Amino acid sequence: MEQTPKHNTESMKRANEISIYKLMTVGILVGILGVFLRFAGDSTTLSIISWAILLIGAIIACKGVFKILDA
């Protein structure tokens, strides 16, 4: 007999939480801001700040993904 997949597992309930998607959205928006600032001007200081903002955005978005995966 074939086993039917479980549709109400704990990981699926966690993956459907709105707070995780809000966290990922904030991370993506912060990352987009970092990319915009990276190309907005030609200053070393602005470049360093934009790379830092981009890194923070990527970390925030990855935290949301890892919450879904429960890693």
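What the table below lists for this structure:
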| item | result |
| --- | --- |
| Qualifying residue in the range 1-16 (condition: open to solvent by less than 100 Å² (accessible area, probe 1.4 Å) and at pLDDT 85 or above) | no |
| Residues (surrounded by 14 or more Cβ atoms within 10 Å (Cβ to Cβ), at pLDDT below 95 and either charged (D, E, K, R) or within 9 Å of ILE60 (Cα to Cα) (or both)) located in the range 17-30 | LEU23, MET24 |
| Test for ALA52: is it assigned to a helix (DSSP H, G or I), within 11 Å of the chain's Cα centre (by Cα) and at pLDDT 90 or above | no |
| Selection count, the range 35-47, where residues are more than 21 Å from the chain's Cα centre (by Cα) and either loosely packed, with under 10 Cβ neighbours inside 10 Å or assigned to a helix (DSSP H, G or I) (or both) | 7 |
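The values are calculated or read from the model by the stated rules, or taken from the named source; none is laboratory data. Note that the structure is predicted; figures quoted are calculated from it, not measured. Cβ: placed from backbone, ideal geometry, glycine included. Neighbour counts: every protein chain shown. Just so you know, the surface numbers come from the protein's heavy atoms only, side chains and all, with ligands and any DNA or RNA stripped out. Shrake-Rupley method; radii C 1.70, N 1.55, O 1.52, S 1.80 Å.
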